[in-house]
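These notes concern the structure reproduced below.
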Ligand code: ACM
Ligand code: ZN
């Protein structure tokens, strides 16, 4: 934030900041999420021709192979395995003697000059490996080395999730695997796969082939921002994941300690299913229904009165349960209008027969019946926070998305909760910067990296006992406005880094400055060397602002990607790499009665560019003349 300061005070502040930085330099090295305990030591472990990888058993070897493959792919170095764990220049992956690490996701990592020791049980050892990967240099150089360090680490929450909606737009299996790689690299452990929607049913169900023959395709799709009478692309869109593909993805995730939670939406968001099997809608002669071509909430939902609805959903869930080993199955429950139920004779008969008060209680009846069925199969349900309305199903876990209130209410009733509040910035479909004109098409909302980072998923309104019901946190990626996997990457990165830290790291260890200025730029520098798309954060140390002064010196600006450069203009044109390069400071002199517009961008080594930040310096005593 730029504020007007006299030069002497400004210089003194800068000096103090620099001294503090020197003492505190890189307290978490480049590790995201920040570990529980970290002690940097002197010296380093060189990676060279003498380096070997050791392991205790086959399971440890499997984890070591991830590290070996990473070094081969990114640094073009082959590190061989050795038999036995003795000797120098050894990187030792070990799940033995881990009784002192009670958390199965916890680990220790010790790097000294002649040995690296990783210890943990299964998931813990895998996370030790991910931390070690993050300590590797950005690229192959003359000398590869890892700084000496001692780390003890374990997660704050047992549930750490990322969601993906494949109903509005779908993505190839190869991308789903890449998405799971990102989830695992940032120590998240749940992939919430939103598989059924109004705009498309995306999972093969052998008992009901029309779900994918008919329900997986829409005739066309809305283009641009949502409007009631918007324009359409005139192009058929769709597809689905076969059961073989689902099995492949579930196995791929499991190898990386990621659980896949399928979501089968009910009773709302059901047009994909209703288009295929219209008799499941309300009334005596329901339909025809069309797979939705636009976004929003639709009145046509599963009929809660007909037994056929429950038989159908149980048939679907039988196959889902066989495909997904996850203890949790997500049954949706959000955004279910009750209008059709109010006039449907079958629904009204159900209300009467079951002695229900209203249609909210009918929704509860629906959810409770599905819960009972899934509980009988040894599974538990998760539902969006609307499942609170009309009474919670006895064993349900609530995913609190419309803010934190649903989560607070559920925890107070003794139910488990996963926080995914849009008010916490956990809706990664929301735009990432303040100015809609500088962001690509999105659904609206506002969720910056800093907002996500600031979130604490455990509400203070809960007592210590109630807080135990907060199982963890998740971000949601709704894809109405994400047609391509590149757009998904842009919306997820770098916000995933902030999610990772609020999910894993104790709040006492969080540090926004270290995160945003030291660690994120290093992670982005690695990403910048790959094909993966990400949003380049704006110049560090500068915000859109108006300053009243006859001259102003911009100092201490930093690129948000390590190795990136800052370019600027003072003529209100948007800066590019043909403009002036910011070095240490820029002094702008403004004649009386005039203004200057300072615009600055970050350009990463790949050429990827940030949005500009705009500071207007006005030399006038009358604020009215200032540009906006
Ligand atoms: C939701 O965003 N409708 C759960
Ligand atoms: Zn009905």
- Query: Within region 305-332, how many residues turn out to be away from ligand 2 (no atom under 16 Å from the Cβ) and in a helix (DSSP H, G or I)?
  - Reply: 10
- Message: Can you find a residue that is part of a loop (DSSP other than H, G, I, E, B), farther than 22 Å from residue 61 by Cβ and free of Cβ contacts under 8 Å to residues at least 12 places away in the same chain anywhere in region 158-178?
- Response: no
- Qualifying residues in region 408-451 (those that are farther than 17 Å from residue 163 by Cβ and within 15 Å of ligand 1 (Cβ to nearest atom)) - the one modelled with the highest pLDDT: 410
- Note on the structure: By residue number, the members of region 264-304 that are on the phi > 0 side of the Ramachandran plot and in contact (Cβ under 8 Å) with a residue 40 or more places away in the chain are 269, 283, 296
- Any idea how many residues of region 122-143 are out of contact with any helix residue (DSSP H, G or I) (no Cβ under 6 Å at 6 or more places or on another chain) and not in a helix (DSSP H, G or I)? 7
- Message: Testing residue 292 on (1) surrounded by fewer than 22 Cβ atoms within 10 Å (Cβ to Cβ); (2) away from ligand 2 (no atom under 16 Å from the Cβ); (3) within 14 Å of residue 215 (Cα to Cα), one condition comes back false. Which one is that?
- Response: (1)
- Message: Tell me whether region 333-348 contains one or more residues that are within 11 Å of ligand 2 (Cβ to nearest atom), without any contact (Cβ under 8 Å) to a residue 40 or more places away in the chain and over 28 Å from the mean Cα position of the chain (by Cα).
- Response: yes
- Query: Which of the residues spanning region 144-157 are part of a strand (DSSP E or B) and in contact with a helix residue (DSSP H, G or I) (Cβ under 8 Å, 6 or more places away or on another chain)?
  - Reply: 144, 146, 147, 149, 151, 153
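Residue by residue, here is whether (1) in contact with a helix residue (DSSP H, G or I) (Cβ under 8 Å, 6 or more places away or on another chain); (2) under 30 Å from residue 227 (Cβ atoms); (3) buried (at least 19 other Cβ atoms within 10 Å of the Cβ) holds:
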position	(1), (2), (3)
403	yes, yes, no
426	yes, yes, yes
439	no, yes, no
456	yes, no, no
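The values are calculated or read from the model by the stated rules, or taken from the named source; none is laboratory data. All of these numbers come straight from a predicted model, not from anything done at the bench. Virtual Cβ from ideal backbone geometry, glycine too; neighbours counted across all protein chains shown.
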